[in-house]
Amino acid sequence: MRALVTGGSAGLGKAFCDVLLQNGYEVTNVDRNPAPNDSNLVHIACDLSDRKTVDKLIEKIGKGEPFDIVIFNAGISATGKFEEIEPASHARVVEINATAPMAICAAMMQAEKVAKNGHIAFISSLSHFAGYPGASSYAASKDALAVYAKSIRKAFKKSHGITVTTAYPGPLKTDHAERHAPEGADAEKRMTPEDAANLIMSDIRKGSVSALPGTAAKIVALIGRIAPKPLTLVMRAIIYRKLDKTVAD
Amino acid sequence: MIRRKILITGATTGIGLALANRLSLRHDVMVTGSRAPEDITEPFSANLTYIRASQADPEKAAQTIAEALLKSGWTRLDNVVLNAGIGFVTQKALDDVDKIRSTQDVNVTSTILIARAVYPWLSKTKGTLTIVGSVAHKGQALFPAYAASKAALNGLARSLRSEWAGSAVVQILHPGPTYTDMHEKAGYDPGWMREIFIRKEPMAKMMEYAIARKHSPVTLSWLRYLAGGSITGKRL
């Protein structure tokens with residue numbers, strides 16, 4: 001059994017690689033940097049913001065065997081006031097979080113490199129339900145991913161028996177979340193990437209439409225469905241008002 | 001009535017141009033597009049100022065528009081309508097890599113960067129930034145990358161409306177299928193269905209009224225049209 005994970009060298013992606021390895025998968029990690037102690041992983045170095053290297057990645061995948069599980073996990077953020085974030089940072093967020101995974105997914109499907117009855121997963125964000133003032137381009141990119149998944153789901157199921165799962169994790173106990181959270185945010189309440197990876201992986205293997213890891217995420221998603229506007233107001237109060245700098249990547 | 005300063009992107013054809021022509025009767029309107037002026041084939045009001053800024057290169061497009069605003073001597077913007085968009089139809093929900101990229105560049109990255117670039121002008125008047133989405137933003141197997149790009153704009157508008165509250169209004173409008181050349185350019189033949197698409201002039205009217213009301217998100221489809229959405233409403 002073969003699995004491919006993007007952004008598998010740290011955070012949630014690394015946790016996905018670990019879970020997959022424990023379950024006997026041969027795991028390919030697509031990441032700019034190799035993972036620490038990655039002797040068990042096949043590492044493909046790729047900067048997802050660079051279209052030429054993504055083209056090379058697609059070519060390389062096209063020459064290999066199909067994957068049973070593909071997890072589009074790699075993502076970056078850009079937090080701060082929208083108008084103060086550098087144009088290049090906004091562009092990188094869109095490219096890495098949305099454009100690259102859509103391009104790689106479509107190319108893999110065209111080359112039949114996702115095995116029949118396999119599983120594809122996109123890691124969107126809880127911001128899909130809550131909005132994210134203070135990371136508007138990030139929120140945009142994660143909404144793109146969620147709706148891309150929704151758009152391809154039926155067709156992929158019908159043509160290849162492949163399931164498409166969208167995961168909406170909230171902030172996790174990762175360095176990434178730490179850097180982008182406002183000053184004084186309580187990291188202890190956050191879920192560990194290992195727990196999130198286990199929960200999401202079980203939804204991926206079941207072929208669930210969506211994965212909302214943890215009770216807090218489920219509650220936020222529910223409120224977001226019932227009262228989207230008040231929830232965004234809350235996000236403004238607890239995040240946007242406290243941001244005093246811009247942070248990219 | 002004050003004479004507004006308005007910028008509309010992607011207004012060399014379709015609903016963008018219909019809106020620009022309409023608003024140019026009473027306001028100062030600057031429009032952008034990717035075409036050379038001689039390639040504009042639809043009726044183009046003589047009152048419009050045209051800036052050529054292709055959104056295939058998002059950073060350059062934003063820069064070109066900011067420079068044009070500086071050069072024009074405009075010190076404020078009352079309305080910005082980020083309307084430019086492209087899309088491509090797929091088979092079995094499989095987009096081409098190049099088309100995914102160009103759809104994202106034109107529809108998403110350019111919209112983000114132009115919104116950012118016009119902020120100094122727009123915030124002076126506490127003006128309105130209108131982003132043109134699509135009813136496809138909830139998902140559409142016929143053109144997944146296009147639907148995704150419009151979902152991105154919906155999410156952008158939602159978060160940015162909250163961020164800019166107090167300094168500018170941000171709204172998103174989701175037009176339904178409109179009788180323009182977009183479908184042909186997208187490689188899609190809607191067949192007889194095209195005849196029931198809303199014409200671009202009534203769509204432009206509905207857009208104007210929605211812009212004047214500043215609500216978000218707003219769906220501009222048959223339901224609104226039949227409810228008189230293109231007849232009754234507040235002019236800008």
Residue by residue through segment A:222-240, note down the ones that are in contact with a Leu (Cβ under 9 Å, 6 or more places away or on another chain) and under 13 Å from A:Tyr132 (Cα atoms).
A:Gly224
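Got at least one residue in segment B:166-176 being of a type in the set (A, V, I, L, M), closer than 23 Å to B:Asp78 by Cα and surrounded by fewer than 22 Cβ atoms within 10 Å (Cβ to Cβ)?
At the first step, the residues of segment B:166-176 found to be of a type in the set (A, V, I, L, M) are B:168-170, B:172-173.
Subsequent filtering for residues that are closer than 23 Å to B:Asp78 by Cα retains B:168-170, B:172-173.
In the following step, the residues that additionally are surrounded by fewer than 22 Cβ atoms within 10 Å (Cβ to Cβ) were identified as B:169.
Scanning segment B:166-176 turns up at least one residue that is of a type in the set (A, V, I, L, M), closer than 23 Å to B:Asp78 by Cα and surrounded by fewer than 22 Cβ atoms within 10 Å (Cβ to Cβ).
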In segment A:52-92, residue surrounded by the most Cβ atoms within 10 Å (Cβ to Cβ) [restricted to those that are among the β-branched types (Val, Ile, Thr) and assigned to a helix (DSSP H, G or I)]
A:Val54
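Among the residues of segment A:32-48, count how many are within 21 Å of A:Thr192 (Cα to Cα) and in contact with a Ser or Thr (Cβ under 9 Å, 6 or more places away or on another chain). Full working, then the answer.
Within segment A:32-48, the subset within 21 Å of A:Thr192 (Cα to Cα) is A:35-38.
Filter again for in contact with a Ser or Thr (Cβ under 9 Å, 6 or more places away or on another chain), leaving A:35-36, A:38.
Of the residues in segment A:32-48, 3 are within 21 Å of A:Thr192 (Cα to Cα) and in contact with a Ser or Thr (Cβ under 9 Å, 6 or more places away or on another chain).
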Going by what's in this entry, would A:Pro133 be described as part of a loop (DSSP other than H, G, I, E, B) and within 11 Å of chain B (Cβ to nearest Cβ)?
yes
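Go through segment B:18-40 residue by residue and tally those that are over 24 Å from B:Arg101 (Cβ atoms) and either modelled with pLDDT under 95 or not polar (S, T, N, Q) (or both).
Applying the first criterion (over 24 Å from B:Arg101 (Cβ atoms)) to segment B:18-40 yields B:18-31, B:37-38, B:40.
Cutting the leftovers down to either modelled with pLDDT under 95 or not polar (S, T, N, Q) (or both) gives us B:18-20, B:22-23, B:25-31, B:37-38, B:40.
Going through segment B:18-40 one residue at a time, the tally reaches 15.
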Is it true that some residue in segment A:139-151 is in contact (Cβ under 8 Å) with a residue 40 or more places away in the chain, in contact with a Lys or Arg (Cβ under 7 Å, 6 or more places away or on another chain) and under 21 Å from B:Ile100 (Cα atoms)?
no
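If we keep just the residues of segment A:66-90 that are without any contact (Cβ under 8 Å) to a residue 12 or more places away in the chain and not acidic (Asp, Glu), which is nearest to the other protein chains (Cβ to nearest Cβ)? Can you show your working first?
We begin by selecting, within segment A:66-90, every residue without any contact (Cβ under 8 Å) to a residue 12 or more places away in the chain; these are A:83, A:87-88.
Now restrict to residues that are not acidic (Asp, Glu): A:87-88.
On the way: A:Pro87: 5, A:Ala88: 7 Å.
Taking the candidates together, the pick is A:Pro87.
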Is at least one residue of segment B:179-198 free of Cβ contacts under 8 Å to residues at least 40 places away in the same chain, within 10 Å of another protein chain (Cβ to nearest Cβ) and not small (Gly, Ala, Ser)?
no
Test each condition in (1) away from chain A (no Cβ under 11 Å); (2) without any contact (Cβ under 8 Å) to a residue 40 or more places away in the chain; (3) of a type outside the set (S, T, N, Q) for B:Val169 and report the one that comes out false.
(2)
Cβ-Cβ distance below 9 Å, separation of 6 or more or different chains: which pairs start in segment A:217-242 with a residue that is over 22 Å from A:Glu183 (Cβ atoms) and end on one that is among the charged types (D, E, K, R) and modelled with pLDDT of 95 or more?
A:Pro228/B:Arg158; A:Lys229/B:Arg158
Please work out if A:Cys17 is touching a Ser or Thr at 6+ places or on another chain (Cβ under 8 Å), more than 14 Å from chain B (Cβ to nearest Cβ) and not small (Gly, Ala, Ser).
no
How many residues are loosely packed, with under 15 Cβ neighbours inside 10 Å and part of a loop (DSSP other than H, G, I, E, B) when one looks only at segment B:27-47?
8
The residue that is farthest from the other protein chains (Cβ to nearest Cβ), considering only those in segment A:94-127 that are crowded, with 24+ Cβ neighbours inside 10 Å and within 22 Å of A:Arg241 (Cα to Cα), is A:Ser125
With the checklist (1) assigned to a loop (DSSP other than H, G, I, E, B); (2) touching a Phe, Trp or Tyr at 6+ places or on another chain (Cβ under 7 Å) in hand, flag the one item B:Leu160 doesn't pass.
(1)
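Collect the residues in segment A:217-230 that are within 14 Å of chain B (Cβ to nearest Cβ) and crowded, with 19+ Cβ neighbours inside 10 Å, keeping them in residue-number order.
First, the residues of segment A:217-230 that are within 14 Å of chain B (Cβ to nearest Cβ): A:224-225, A:227-230.
Within segment A:217-230, just A:Gly224 meets the criteria.
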Pairs needed: first member in segment A:1-26, surrounded by fewer than 18 Cβ atoms within 10 Å (Cβ to Cβ); second member anywhere, of a type in the set (D, E, K, R); C-beta distance under 6 Å; at least 6 residues apart or different chains.
A:Met1/A:Asp68; A:Glu26/A:Arg2
Looking at segment A:205-216, is at least one residue in contact (Cβ under 8 Å) with a residue 12 or more places away in the chain, in a helix (DSSP H, G or I) and buried (at least 19 other Cβ atoms within 10 Å of the Cβ)?
no
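Yes or no, residue by residue, for (1) in contact with a Phe, Trp or Tyr (Cβ under 6 Å, 6 or more places away or on another chain); (2) surrounded by fewer than 17 Cβ atoms within 10 Å (Cβ to Cβ); (3) among the aliphatic types (A, V, I, L, M):
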{"residue": "A:Ala140", "(1), (2), (3)": "no, no, yes"}
{"residue": "A:Ala146", "(1), (2), (3)": "no, no, yes"}
{"residue": "A:Ala149", "(1), (2), (3)": "yes, no, yes"}
{"residue": "A:Arg153", "(1), (2), (3)": "no, no, no"}
{"residue": "A:Ile162", "(1), (2), (3)": "yes, no, yes"}
{"residue": "A:Pro169", "(1), (2), (3)": "no, no, no"}
{"residue": "A:Leu172", "(1), (2), (3)": "no, no, yes"}
{"residue": "A:His176", "(1), (2), (3)": "no, no, no"}
{"residue": "A:Ser202", "(1), (2), (3)": "no, yes, no"}
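Examine segment B:155-165 for a residue that is modelled with pLDDT of 95 or more and of a type in the set (Lys, Arg), and state whether such a residue exists.
Taking segment B:155-165 first, the residues modelled with pLDDT of 95 or more are B:155-165.
After this cut, where a residue has to be of a type in the set (Lys, Arg) as well, the list is B:158, B:161.
Looking for residues that are modelled with pLDDT of 95 or more and of a type in the set (Lys, Arg), one finds at least one in segment B:155-165, hence yes.
The values are calculated or read from the model by the stated rules, or taken from the named source; none is laboratory data. Note that the structure is a prediction, hence the values are computed from the model and not measured. Note: ideal-geometry Cβ built from the backbone for every residue, glycine included; neighbour counts use all protein chains shown.
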